[in-house]
Amino acid sequence: MKKGEFAARLVQWQRLEGRHQLPWQNTQDPYRIWVSEIMLQQTQVATVIGYYEVFIDRFPDVKRLAEGSLDEVLALWSGLGYYRRARHLHACARAIVARYQGEFPRDEKQLEALPGIGRSTAAAIAVFAFRRRAAILDGNVKRVLARVFALELDTQSSRALKVFWSLAESLLPQAEDMPAYTQGLMDLGATRCLQRQPACDACPLQSLCEARSQGKPRAFPLAKPAKTLPLRYWLMFWISDGQRILLFRRPEQGIWASLWSLPALEVLPETLTAALHGDQTAIGERKEKAGEGAKRPARAQATKPSRETLEEGFSITQTMQALWREAGLQLVDHTTLPEVINDMLKASIEPGAEFEHVAQLEQSFTHFRLRAPVLHIRLNIDAISIKSRVGSEAGPEFRIDDRCIGHAQALWIRPEDALRLGIPRCLRKLFEAHQR
C-alpha cells in the first residue's frame, strides 16, 4: 500500500462524509479546541456536547477560566468523571496566563509541557488551531491503524506505542490537509471502524485494509485479557437535620481528589467487610426483635460505641453506627472546623440521633470497584445549640464562586446547593433522588 493513498482517501472521505457540525468545530480558537479535546478523553461525543456548551458559556476564554475557582470548574465537570482532567484544565489555564500572557503556544512540544496535555492532545490542538503537521494517537486511531496494517500488537505495550507513533507520523499528509486528515481519523474510529461492529462496507479504506482482506477485522488490535477489578468497601454518612447535610472536602490526591463528599470511613474491620460482601456468618448478625424490625427494619437509636460491638452480634446498621460514633468523637472540637460543623458532629453522636441504612453507592475506578453503604444520621434538633440552629436555618446564601468556599474543608449545606458543587457522580444521583 502507498501511504499517500491512505491519507488521500481519508481526507476526501472526511470532507464529504465526516462530522462538521460539532460545537467545537469550524473554529481555530485554541481555547475551545483544547477544552473539547480534554473533555473528549475517554468520554463519548454525545455526553460531552452538553457539558462543553455550558462550560464555554461560563468560561468563554482562558483568562476567565484562570480567574475562576477550582470549585466552580469541578462543579461544571461533575458527572463527566475523571476529575483529574478538570483540575489539570484549571491549572493549565493559569499556566498559560502566567507563562504566555493568555496566548496558547503554537508549537506542539510547548503545548505538551503544559499541565494535563499529552502528546496526542497537543498535536490535535496544534493541527486544528495552527495547522501544524503533527500526529495524533488515541484509542480510535490505534484501532484504525492496527486493522488497516494488520498489526498484531498489544496497544498498551511500550514496543507497540513506538510502532504506532512511527507509523502515525509516516502517514501525515501535507500541512493544508492536516485538519481534514486528523478529523477524518477521529471520525473513522468513532463512526466506521467501531470496536465491536466495524462497518467495513462503508469504510473509505476498505480496499486498503489488511484485516478486512484476512476476513477478521475484529481480531485487531489484539484483545486485552478481561480484568476483574477488586472490590472495596467504604462506609459513608449522610448527616442531616432535615434541611442541610454535612460535606467534607476530599484530599488533593487519590479518589475524588478535591471534590466534596459525605464523611467516609475507608478502612473497615474485616468482619464488617465480609458481612457487607454477603457472608453474614462472619459477623454473627443478630436478629432484630420481633415486631421492631417490621416497623423500622434499618433504624436504631444511638448506643455506646465500642469496637467490641463488632463481635457481639450487632446488625450491620448497628455496627456502622458504632463505627461512626468512634470516628465522630475524633472529629468533634477539631480546631480547624467552624463552630456550626462541630455542633452538628456532636449532635450526630448524641443519644437522640437516629440511624438508618438508606442506600448503597457503587462506582468503578481504573483499579477497583467501590461499594459504599450510606448511613443516614438524622440529628435531634434539641441537641444542637441555639446559635448553630439559627445559623443552620438562616445561613448566608450559598454562592459557588465565593472565594471562602475554596478554603473550606467542611460545609453545612442544602442538598440542592450541593448539586452545584463538584461532587462524585454517585452522590449526585443520590442527592437528585432525594430532591424528587
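The values are calculated or read from the model by the stated rules, or taken from the named source; none is laboratory data. Just so it is clear, the model here is predicted, and its values are computed rather than measured. Ideal geometry is used to build each Cβ from the backbone, glycine not excepted, and the neighbour counts take in all protein chains shown. Heads up: the accessible areas ignore ligands, DNA and RNA and are worked out on the full protein's heavy atoms, side chains in. Shrake-Rupley method; radii C 1.70, N 1.55, O 1.52, S 1.80 Å.
For every residue, the table says whether it meets (1) under 30 Å from I413 (Cβ atoms); (2) without any contact (Cβ under 8 Å) to a residue 24 or more places away in the chain; (3) in a helix (DSSP H, G or I); (4) not polar (S, T, N, Q).
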{"residue": "R159", "(1), (2), (3), (4)": "no, yes, yes, yes"}
{"residue": "W165", "(1), (2), (3), (4)": "no, no, yes, yes"}
{"residue": "L194", "(1), (2), (3), (4)": "no, yes, no, yes"}
{"residue": "P198", "(1), (2), (3), (4)": "no, no, no, yes"}
{"residue": "S207", "(1), (2), (3), (4)": "no, yes, yes, no"}
{"residue": "P221", "(1), (2), (3), (4)": "no, no, no, yes"}
{"residue": "I255", "(1), (2), (3), (4)": "yes, no, no, yes"}
Counted residues, the range 201-215 - those being under 35 Å from the mean Cα position of the chain (by Cα) and either surrounded by fewer than 16 Cβ atoms within 10 Å (Cβ to Cβ) or at pLDDT below 95 (or both): 1
Flag if A410 is surrounded by 15 or more Cβ atoms within 10 Å (Cβ to Cβ), under 30 Å from Y82 (Cα atoms), small (G, A, S) and at pLDDT 90 or above: no
Meets criteria (touching a Phe, Trp or Tyr at 6+ places or on another chain (Cβ under 8 Å) and modelled with pLDDT of 50 or more) for T273: yes
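Given the options Q28, Q42, Q21, name the one that is over 20 Å from V141 (Cβ atoms), open to solvent by 70 Å² or more (accessible area, probe 1.4 Å), assigned to a loop (DSSP other than H, G, I, E, B) and in contact (Cβ under 8 Å) with a residue 40 or more places away in the chain. If you could, list the steps in order and put the result at the bottom.
Numbers: Q42 fails: over 20 Å from V141 (Cβ atoms); Q21 fails: in contact (Cβ under 8 Å) with a residue 40 or more places away in the chain.
None of the other options fit; the residue is Q28.
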Search result, residues across the range 45-84 that are more than 20 Å from L419 (Cβ to Cβ) and either open to solvent by 20 Å² or more (accessible area, probe 1.4 Å) or in contact with a Cys (Cβ under 6 Å, 6 or more places away or on another chain) (or both): V45, A46, I49, P60, D61, K63, R64, E67, R84
Of all residues making up the range 85-110, the number that are of a type outside the set (D, E, K, R), open to solvent by 10 Å² or more (accessible area, probe 1.4 Å), more than 26 Å from G254 (Cβ to Cβ) and not in a loop (DSSP other than H, G, I, E, B): 4
S158, sole failed condition from (1) open to solvent by 20 Å² or more (accessible area, probe 1.4 Å); (2) polar (S, T, N, Q); (3) at pLDDT 95 or above: (3)
Single unsatisfied condition, Q321 versus (1) modelled with pLDDT under 85; (2) open to solvent by less than 80 Å² (accessible area, probe 1.4 Å): (1)
Complete set of residues in the range 111-153 that are part of a helix (DSSP H, G or I), touching a residue at least 12 places away in the same chain (Cβ under 8 Å), open to solvent by 10 Å² or more (accessible area, probe 1.4 Å) and not β-branched (V, I, T): R119, S120, F128, F130, G139, N140, K142, R143
Looking only at the range 181-194, and only at residues there that are surrounded by fewer than 19 Cβ atoms within 10 Å (Cβ to Cβ) and aliphatic (A, V, I, L, M), the one that is farthest from A219 (Cα to Cα): A190
Residue in the range 218-234 that is open to solvent by less than 30 Å² (accessible area, probe 1.4 Å), farther than 30 Å from A134 by Cβ and of a type outside the set (K, R) present: yes
